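The values are calculated or read from the model by the stated rules, or taken from the named source; none is laboratory data. Only a predicted model underlies this, so the values are computations on that prediction, with no experimental measurement involved. Note that we place each Cβ from the backbone using ideal geometry, even for glycine, and neighbour counts take in every protein chain shown. Areas reflect the complete protein model, heavy atoms only, side chains present, ligands, DNA and RNA absent. Shrake-Rupley method; radii C 1.70, N 1.55, O 1.52, S 1.80 Å.
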Amino acid sequence: MSENLSGGAQPAGMDEIYAEAEQWHVNTGNETIHAKRISGRWRTIKWLAASVWLIFFLGPYLRWDGRQAVLFDIPNRQYHLFGVTVLPQDFWMLSLLLLFFAILLAVATALAGRVYCGYFCFQTVWTDVFTLIEEKLEGNPAQRRKLASAPLTAEKIRVKAIKHLSWMVIGFVTGFSFVAWFYGAGKLWQDFFVGNANAAVYAAVALFTVGTYVLAGWLREQVCFWLCPYARIQGVMLDRTTVVPTYDEGRGEPRGRMQKGETEATRTTGDCVDCNQCVAVCPTGVDIRNGQQEGCITCGLCIDACNAVMDKLGRPRGLIRYASLDEIEGQSVPPMIARPRVWVYGAILVLALSGIIYGLSSLAAIELKVLHERAPLFVQLSDGSIQNKYTLKVLNKTNEDLMVSVSVEADVPVTVTGAEEPIAAKHGEVNPGIVFVKIDRDHLDAESVPLTFVASATQPDGTEVQATRESAFFGPRP
Amino acid sequence: MAENNPFPGENNTGHFWDDNLRELKNPPPRWWMIAFWASVAWWVLYAILYPMWPALPGQSDGENDFTRGILGWTSIKEYKQGVEQVEAVRAQYDEQIAEMTPAEIIEDPGLLQYTLASSKVLFGDYCAGCHGSGGQGNPGYPVLADDDWLYGGSLGKITETISNGRKGAMTAHADILTEAEIDQLANFVVDLAEDGEGSEAGWALYNEKGCQACHGAEANGVLAELPNGDIVTVGAANLTDSIWRFRPGGYESAKHTIKYGVNQSGVEQTRDAVMPAFSQQGQLEGKLSPQQIKMLTVYVHQLGGGQ
């Protein structure tokens, strides 16, 4: 297309532009796209990738140590991941997780275009399932179009009602499963249907039901075209070496039917017979033969369609295939491993992942925070010694209540008041305590003396846990 | 008009200018119109359910200057419900505290935390103006975070101080003593504060001039110790420790106090040292309830120097 545009200054070139503009079609959803469903290699892979989403529906029923294996307990600020309990204080790991997925998306896009969109995105997967139901109920695309323009009969109402009802049921199950990750699946089943769950639960389920129904049932590819930011971001991350579904123009053109009397050997046409199967199967309704474009979610269904036609004609497969622009144009393609982008993305991925693994493996059982009193910064006592006040915050991240003893380490002799008795630290909570530290004036040779607070406790199973915190002792200028 | 339409089948409005300039019918998309009417419906529904209109003539009762929605919702009602919820949570603690002595509160870690956290506001409202936000004191106002107490630092004494207030008194000695005697006593007090020992001549003058009547035989402000550990004082400062009642302390400051005394009427440069009574029976009537005084007692006791 760019070649046509380059002659724009010439009157002849203008004609070409106008000719092209007539073909230019912007999909604004005026027409429902009824894609033909066919089988094939990429179709199978698409189902396999989509089946990962079963985890979303079944995951909440997985048990671990007598509770839901993965439960994001927002009211109690506790996030259970199998054997690990993560508290909000550990949430720096979430940023690494988000970084990991963001970069993963970038890597995947740089290497293979919008594979996420084509195979895994919930919009694609749910739409796929919704249209499958539509096909089962209303028949193939031609029958569907006919039904759409047919007058309203009892039969049409029946079919449409079943379809919309099934869509809503899927939407409801989607919302219900989503909430189960946060509310607990067992509790949700008990509470939901008798009206005992809270308003947030019902609101979330309702929102998901309506959202799923509207997005996957009605908006479909319009979401990819006009709503989804990822589609736009991913589009600009492609380069000439990115592998995307591509029509081999050199092999296919000039497209068309063979003239009468021509044989395979003598035909003047290219391999493309202009059967439009690639357009018919496309879930976003694009014509891949126009080149890579915003509507293409790289799902590979046009490849399946074209290969089936090529098989019938006895021509080699791969007229449409996963290929990079360089490859199609016959340029040398560097192996993936030689592309700096792959290395940079890969390094960030590894860093983020190791951060998460480090975080999860080194989750401290208790955490100690020491807040130095500022008003007064220090107090002179009647014996001349200096006293500082500290507020301790002991966070107990274990699942048991602990008795946490606090001690203070310093280079000079210190007297600690308030820490004689251990702090009773309730599990999953921040437990406050107040401690006074006293230092004799003779031992104070600076305005500030470093202190280390040590909190230690013994867990019921006998393991010692410890947390330390640096702080400082302040006194008057010596 | 339609028969004159030079652009038939174009879906124009039939309005033409300059031969070919014409107005087309391009209605907004259906979804846009649906959203538009849904918004209008929302607005109407909102106006019925929630307060939205000003009061109709004759409907205003001065307080509620608006037409109520049928849900009866108002923001002040929601606020009051929120306050009620907080009060309900606090009530559990407050009821327990009402039955307990300050010493018992300190023994209970949960109630102690509640008392310290909630009394911080009381302390800020009633105490911090003079004694500082953290009890660090101010010039003329004692530090509450140290262990030096003019009237005793036990829970009982602190309650007494908050309830009834304190007003110390010290005679102005400018006309009673000679300049040399004042000078010697000031030096004696500085010596006491620095090493706890004064010169013999100093002790002699201290006793001769009657200082011990208030500051005690040992100059530590204690007149007698009771069997229960409480001390009997008149609020005179402990001269033997390193804490000065009137800052900045030291020779000049001590001399000033000796010369002009404390709370002496008619003496222009006298030290001011008055703490008002905060109980409901006190001078500032209705200041603090017994519960509030109890909680403040615990708070002050825990500032760092309670005894």
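For A:Phe474, state whether it is touching a residue at least 24 places away in the same chain (Cβ under 8 Å), touching a Gly at 6+ places or on another chain (Cβ under 7 Å) and on the phi < 0 side of the Ramachandran plot. Don't jump to the end; show me each part of the working.
On the way: touching a residue at least 24 places away in the same chain (Cβ under 8 Å): yes; touching a Gly at 6+ places or on another chain (Cβ under 7 Å): no; on the phi < 0 side of the Ramachandran plot: yes.
Considered against the rule, which asks whether it is touching a residue at least 24 places away in the same chain (Cβ under 8 Å), touching a Gly at 6+ places or on another chain (Cβ under 7 Å) and on the phi < 0 side of the Ramachandran plot, A:Phe474 comes out as no.
Restricting attention to segment B:11-44, which residues are part of a helix (DSSP H, G or I) and either open to solvent by less than 100 Å² (accessible area, probe 1.4 Å) or away from chain A (no Cβ under 14 Å) (or both)?
Initially, segment B:11-44 is screened for residues part of a helix (DSSP H, G or I), giving B:30-44.
Hits for segment B:11-44 are B:Met33, B:Ala35, B:Phe36, B:Trp37, B:Ala38, B:Ser39, B:Val40, B:Ala41, B:Trp42, B:Trp43, B:Val44.
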A:Arg469 is checked against (1) at the interface with another protein chain (Cβ under 10 Å from one of its Cβ atoms); (2) closer than 24 Å to A:Arg77 by Cα and fails just one. What number does that condition carry?
(1)
Quick test for you: out of A:Phe436, A:Phe453, pick the one residue that is buried (at least 17 other Cβ atoms within 10 Å of the Cβ), within 11 Å of chain B (Cβ to nearest Cβ) and among the aromatic types (Phe, Trp, Tyr).
A:Phe436
Considering segment B:95-105 alone, what residues qualify as being surrounded by 18 or more Cβ atoms within 10 Å (Cβ to Cβ) and either within 13 Å of chain A (Cβ to nearest Cβ) or under 15 Å from B:Val300 (Cα atoms) (or both)?
B:Pro102, B:Ile105
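Restricting to segment B:63-85, give me the number of residues that are loosely packed, with under 13 Cβ neighbours inside 10 Å and aromatic (Phe, Trp, Tyr).
Initially, segment B:63-85 is screened for residues loosely packed, with under 13 Cβ neighbours inside 10 Å, giving B:63, B:65, B:70-73, B:75-85.
Now restrict to residues that are aromatic (Phe, Trp, Tyr): B:73, B:79.
Qualifying residue count for the region: 2.
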Which listed residue, of A:Thr242, A:Thr212, is open to solvent by less than 30 Å² (accessible area, probe 1.4 Å), within 24 Å of A:Ile320 (Cα to Cα) and polar (S, T, N, Q):
A:Thr242
Any helices (runs of 4 or more DSSP H) falling wholly within segment A:92-169 and containing at least 2 residues that are crowded, with 16+ Cβ neighbours inside 10 Å and in contact with a Leu (Cβ under 7 Å, 6 or more places away or on another chain):
A:92-112, A:122-138
For the structure I just gave you, tell me whether B:Ser199 is of a type in the set (Gly, Ala, Ser), free of Cβ contacts under 8 Å to residues at least 60 places away in the same chain, more than 30 Å from A:Ile439 (Cβ to Cβ) and more than 14 Å from chain A (Cβ to nearest Cβ).
yes
Condition first: away from chain B (no Cβ under 11 Å), at positive phi and either loosely packed, with under 15 Cβ neighbours inside 10 Å or part of a loop (DSSP other than H, G, I, E, B) (or both). Can you find one or more residues in segment A:383-396 that meet it?
no
Taking segment B:129-154 as the search range and keeping residues that are under 14 Å from B:Ala273 (Cβ atoms) and open to solvent by less than 30 Å² (accessible area, probe 1.4 Å), which one is nearest to the other protein chains (Cβ to nearest Cβ)?
B:Gly137
I'm trying to understand the selection: among the residues of segment B:184-200, which are within 41 Å of the chain's Cα centre (by Cα) and open to solvent by 50 Å² or more (accessible area, probe 1.4 Å)?
B:Asn187, B:Asp191, B:Glu194, B:Asp195, B:Glu197
Only one of (1) closer than 26 Å to A:Thr398 by Cβ; (2) away from chain B (no Cβ under 14 Å); (3) surrounded by 18 or more Cβ atoms within 10 Å (Cβ to Cβ) fails for A:Val414. Which number is that?
(1)
Given the options A:Arg232, A:Arg144, A:Arg158, A:Arg220, name the one that is modelled with pLDDT under 90, over 28 Å from A:Tyr61 (Cα atoms) and of a type in the set (D, E, K, R).
A:Arg232
Assuming B:Leu122 fulfils every condition listed in (1) outside any helix (DSSP H, G or I); (2) open to solvent by less than 40 Å² (accessible area, probe 1.4 Å); (3) not aromatic (Phe, Trp, Tyr) apart from one, which condition is it?
(1)
Any idea which of (1) closer than 29 Å to A:Val435 by Cβ; (2) small (Gly, Ala, Ser); (3) surrounded by fewer than 10 Cβ atoms within 10 Å (Cβ to Cβ) is the one B:Ala88 doesn't satisfy?
(1)
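Take the conditions open to solvent by 50 Å² or more (accessible area, probe 1.4 Å), touching a residue at least 12 places away in the same chain (Cβ under 8 Å) and out of contact with any Leu (no Cβ under 7 Å at 6 or more places or on another chain) and apply them to B:Pro109. Does it pass? Steps first, please.
Values: open to solvent by 50 Å² or more (accessible area, probe 1.4 Å): yes; touching a residue at least 12 places away in the same chain (Cβ under 8 Å): no; out of contact with any Leu (no Cβ under 7 Å at 6 or more places or on another chain): yes.
No.
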Of the conditions (1) in contact (Cβ under 8 Å) with a residue 24 or more places away in the chain; (2) surrounded by 16 or more Cβ atoms within 10 Å (Cβ to Cβ); (3) within 14 Å of another protein chain (Cβ to nearest Cβ); (4) on the phi < 0 side of the Ramachandran plot, B:Phe246 clears all except one; give me its number.
(3)
For the structure I just gave you, tell me whether B:Thr270 is in contact with a strand residue (DSSP E or B) (Cβ under 7 Å, 6 or more places away or on another chain), among the β-branched types (Val, Ile, Thr) and open to solvent by less than 40 Å² (accessible area, probe 1.4 Å).
yes
Subset of segment A:245-256, residues among the small types (Gly, Ala, Ser) and open to solvent by 20 Å² or more (accessible area, probe 1.4 Å), comes to A:Gly250
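Within 34 Å of the chain's Cα centre (by Cα) and open to solvent by less than 20 Å² (accessible area, probe 1.4 Å): does that describe A:Leu368?
Numbers: within 34 Å of the chain's Cα centre (by Cα): yes; open to solvent by less than 20 Å² (accessible area, probe 1.4 Å): yes.
Yes.
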Just wondering, is there one or more residues in segment A:342-360 that are within 15 Å of A:Ser456 (Cβ to Cβ) and surrounded by 15 or more Cβ atoms within 10 Å (Cβ to Cβ)?
no
Got a number for residues in segment A:361-382 being touching a Ser or Thr at 6+ places or on another chain (Cβ under 9 Å) and more than 8 Å from chain B (Cβ to nearest Cβ)?
8
